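Q: Sharing a structure here in structure tokens format.
Nothing in this text is a laboratory measurement; each read-out follows from the coordinates by a stated rule. Just so it is clear, the structure is predicted and the values come from calculations on it, not from any experiment. Virtual Cβ from ideal backbone geometry, glycine too; neighbours counted across all protein chains shown.
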Amino acid sequence: MHTLEAKNLSKSFTLSERQRRSQDLPSRKKIAVDDISFTAHSGEVFGLLGPNGAGKTTTMRMLATLISPDNGEVFYDGKSIKENPIEIKNHFAFLTTDLQLDKKSTANDMFDYFAGLYHVPKEKAAQRKKELFSTFGVDAFADTKISKLSQGMRQKVSLAVSVIHDPDFIIFDEPTNGLDIIASRDVRDFILRMKEEGKCMIISTHLFDLVEKICDRAAMIVSGKIVVNDTLPNLMQGRSLEDSFYDIYMQYQNKQG
Amino acid sequence: MFRDISTVYKKEIKSIIKDKTILLMCIFLPFAIMFMEGFLMSSMSDTNDKDTKHNAYYINAPQDLAAGLKAIGFSDEKVNKDTCITDIKNKDAEILVVFPEDFHIDLTGTNVSNIEIYYNSSNTESLKMQQKLSALLDTLRPEVFTINADPNITYDQGDEDYQVKNTIASMVPGLLFMTIVYGILALASNIIAGDKESNFLNTVLITPVKRSSVAIGKALAVMTAAGISAISAFAGLAYLMKTFQDMLGEHAVHYAISDYILVFFVVICVTFALVGLLLIISTIAKNSRTAQTLCAIPVMILFIGSFLTSNAGFDAILTKFGFKNYLIPMWNSSFLTKNILLSGVTTAEILTTCVINIVFGILCLSFVSHLFNNEKIVNE
């Protein structure tokens, strides 16, 4: 059983003067994430919901160590990711449509490359390739350049590549963004399969139906703050998740107003 | 760390080998540019001029003058004056020189003979022949006094080959460095800026690999390609130098194998420094197009600077600067290469140049590693 804890994460960005004027902000400092804390455990799917610009992607990027928080820390089984980045990254996978594969390479090349970067031994990498390519149906286009694959095929390759090292935590930002129905279903099935294998999935999305179908717990981010964090049944209280969150969102906006 | 660097390096090298365009630019282009330079120069050269048939004629030339005219390419074929003049106008003939029937040299200046020279100034070959003829006829003009007439005395106390050497030595470094960089410009600008732009770099940065390892792996791949480019350019240089020697004929200057080895060693060191600088630009640039544009700037500065050294005024400034020239990264290689080909260099100058460039390259790579640890490397 593993635990990931995000503790008092904050992140701000400096806008250009033009951006400040267009967003009608009093200063060039924009607080993207404001003192966020949550915990996720093995064997669950934790959802991070929120409107566009709420701070979901920034939070995910901090968890994935792409960017550093201004304040706060991320802990994996009590160990700080700031102090042990290389060791802890071995337990994480980060997947988002923002992360692309090298278009000039093939699925085979990319798998081998990332197997090297994740320090997966050659024999294990070969075994994982066989399993994952079969699971995601990548065998059929393993030697085709990424540039020639459809969005759905690229997503499958990305999924296979991202879990080469059999991570404990999979951070998934907007998992079905830009995908057709079939590909979205494949991604959903992948998430549930990972959960069955005891992994923890942290997904950020603005799609309520996806959260309803796969999440065990969810938190809502509005303007960089977590306004609610609870189990799905508690959040929904017999209603649709969308209605529940809309009410919570309006209550929060009224309080701020 | 070495394993991670090796993983990144192997992947980049594989990409380079698979990319035919980059391979062409690294291996073939530098040699081709130097080769074309040599080919163009040899085709413009006058060395082979004596083998070229000229449509140049004379009428009534005295026997002793006729021999001189034939030596510079005139034909002894009998021609009609008016017909020949028309041919010259139509560029079917180059030149006609007509001596009066009673041609003589008059030392008193009271009854001088007039030689008529018909040529076409819009015809380059015609102009060349006219200049050769004028030079020949100048030697025959009566002399009031002579200057440096004794052929057994060396009046010019300087190196008689200096101008020739200076021209070669000023051109070669700029050409050499430019051709090397041309070979790797696209690669160096894309290897970081391109990956950043496509978000592939983000995918690599989330792996449990030190960011500096990623930076170093990429840098080594570019340096490998640059080394191949340098070898290709150097092979082209060998052909170019041979063409220069053939072009210059009796004025040819000869360089020893040790000169070539020294130049090659200097080339490798400056390539290291240049790659470091190009990678900084690639890391800072927002996209690969900006990176390519910016990468061309330092190369052009080096190229122009190298050519300017053939200018006496600029050369005088550099001479005043003295040993400090060797302390300026990359520029020192241009300056050193020129001096290797022109006047010779000392061990201290060679060592200083190489050390400065290697240190500069290492500093650049350190800066690239530092930039990789900055959040701005992440493409938003």
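Q: For chain A, what is the calculated [θ] at 222 nm in deg cm²/dmol (nearest 500), taking -39500 (n - 2.57) for each run of four or more DSSP H residues and dividing by its residue count?
A: -11500 deg cm²/dmol
Q: Could you tell me how many degrees, from 0 to 90 and to the nearest 10, lie between the Cα long axis of helix A:107-117 and the main elongation axis, the longest principal axis, of the Cα atoms of chain A?
A: Taking Cα atoms only, the helix is inclined about 70 degrees.
Q: Given axes a ≥ b ≥ c from the Cα gyration tensor, I'd like to know whether the protein assembly as shown is rounded (a/c under 1.5), prolate (a/b larger than b/c) or oblate.
A: prolate
Q: While we're looking at this one, here's another question. As a quick test, which of the pairs A:K124/B:K210; A:K11/A:K56; A:K145/B:K286 have an alpha carbon distance above 21 angstrom in this structure? List each step's numbers first, then the result.
A: On the way: A:K124/B:K210 23 Å; A:K11/A:K56 12 Å; A:K145/B:K286 25 Å.
Beyond 21 Å between Cα atoms: A:K124/B:K210; A:K145/B:K286.
Q: Hey, what's the Kirkwood Rh for the stretch A:99-166 if you take every pair of different alpha carbons, in angstrom?
A: Its Kirkwood hydrodynamic radius stands at 11.6 Å.
Q: Just in the stretch A:125-206: which GluC sites (Glu not before Pro) are loop by DSSP and have at most 15 other Cβ atoms within 10 Å? Mind dumping the intermediate values first?
A: Details: sites: A:E131, A:E196, A:E197; in loops: A:E197.
Listed in order of number, the matching sites are A:E197.
Q: Still on this structure, I have one more. For B:F2, A:F46, A:F94, B:F303, what's the fewest-to-most ordering of other Cβ within 10 Å of each Cβ? List each step's numbers first, then the result.
A: On the way: B:F2 10, A:F46 23, A:F94 26, B:F303 20.
Sorted ascending by nearby Cβ count, the order is B:F2, B:F303, A:F46, A:F94.
Q: Treating the angle as unsigned and between 0 and 90°, give the value, to the nearest 10°, between the Cα long axis of helix A:151-162 and the longest Cα principal axis of chain A.
A: Around 80 degrees separate the two axes.
Q: Using only Cα atoms, tell me the angle between helix A:122-136 and the longest principal axis of chain A; keep it within 0 to 90° and round to the nearest 10.
A: 70
Q: What pairs in B:K91/B:K132; A:K148/B:K18; B:K70/B:K242; B:K20/B:K242; B:K89/B:K132 have C-alpha atoms more than 23 Å from each other?
A: On the way: B:K91/B:K132 18 Å; A:K148/B:K18 16 Å; B:K70/B:K242 30 Å; B:K20/B:K242 30 Å; B:K89/B:K132 19 Å.
Correct reply: B:K70/B:K242; B:K20/B:K242.
Q: While we're looking at this one, here's another question. Lys and Arg at +1, Asp and Glu at -1: add these up for the other residues within a Cβ distance under 11 Å of B:L220 and post the number. Walk me through the numbers before you get to the answer.
A: Values: positive: B:K10, B:K218; negative: B:E12.
Taking every other residue near B:L220 into account, the sum is +1.
Q: So, one more: Under 1.5 on a/c is rounded, so check that first for chain A, then, if it is not, pick prolate when a/b is larger than b/c and oblate when it is not; a ≥ b ≥ c are the square roots of the alpha carbon gyration tensor eigenvalues. Spell out each step's value before the answer.
A: Details: a/c = 1.65, a/b = 1.52, b/c = 1.08.
Prolate, since a/c reaches 1.5 and a/b exceeds b/c.
Q: From the C-alpha gyration tensor of the stretch B:166-257, pull out the three semi-axes of the equivalent ellipsoid (sqrt of 5λ each), sorted largest to smallest, in whole Å.
A: Details: eigenvalues 340, 27, 15 Å².
Ellipsoid semi-axes (Å, largest first): 41, 12, 9.
Q: State, as an integer percentage, the relative contact order of chain B based on alpha-carbon contacts under 8 Å between residues 6 or more apart.
A: The normalised contact order for chain B reaches 24 percent.
Q: For every other residue with a beta carbon closer than 11 angstrom to the beta carbon of A:A6, add +1 if it is Lys or Arg and -1 if Asp or Glu, then tell me the sum.
A: -2
Q: Pairs of Cα atoms under 8 Å, at least six residues apart: use those to get the relative contact order of the stretch A:99-166, whole percent.
A: Contact order relative to length: 50 percent.
Q: Take A:T65, B:T283 and order them by how many other Cβ atoms sit within 10 Å, fewest up front.
A: Least crowded to most crowded, the residues run A:T65, B:T283.
Q: Where in chain B are the helices, taken as whole DSSP H runs, whose Cα atoms extend 15 angstrom or more along the long axis and whose Kyte-Doolittle mean reaches at least -0.5?
A: For chain B, where a helix must reach 15 Å along its axis and average at least -0.5, the hits are B:2-18, B:29-44, B:124-138, B:162-197, B:211-248, B:257-284, B:288-308, B:331-342, B:347-372.
Q: Report, by chain and number, residues whose modeled amide H sits under 5 Å from the one on A:D173, excluding near sequence neighbours (fewer than 5 apart, same chain).
A: A:L95, A:T96, A:S204
Q: Report, in debye and to the nearest 20, how large the dipole of the protein assembly as shown comes out about its Cα centre when Lys and Arg carry +1 and Asp and Glu carry -1 on their Cβ.
A: Details: 62 positive and 70 negative charges, 556 e Å.
Taking the Cα centre of the protein assembly as shown as origin, the dipole is about 2680 debye.
Q: Evaluate 2.2 N^0.38 Å with N set to the residue count of chain B, then give the Cα radius of gyration divided by it.
A: 1.38
Q: Could you work out the local net charge near B:N332, counting Lys and Arg as +1, Asp and Glu as -1, over the other residues with Cβ closer than 12 Å to its Cβ? Present the calculation step by step, with values, prior to reporting the outcome.
A: Numbers: positive: B:K324, B:K338; negative: B:E349.
Around B:N332, the surrounding residues sum to +1.
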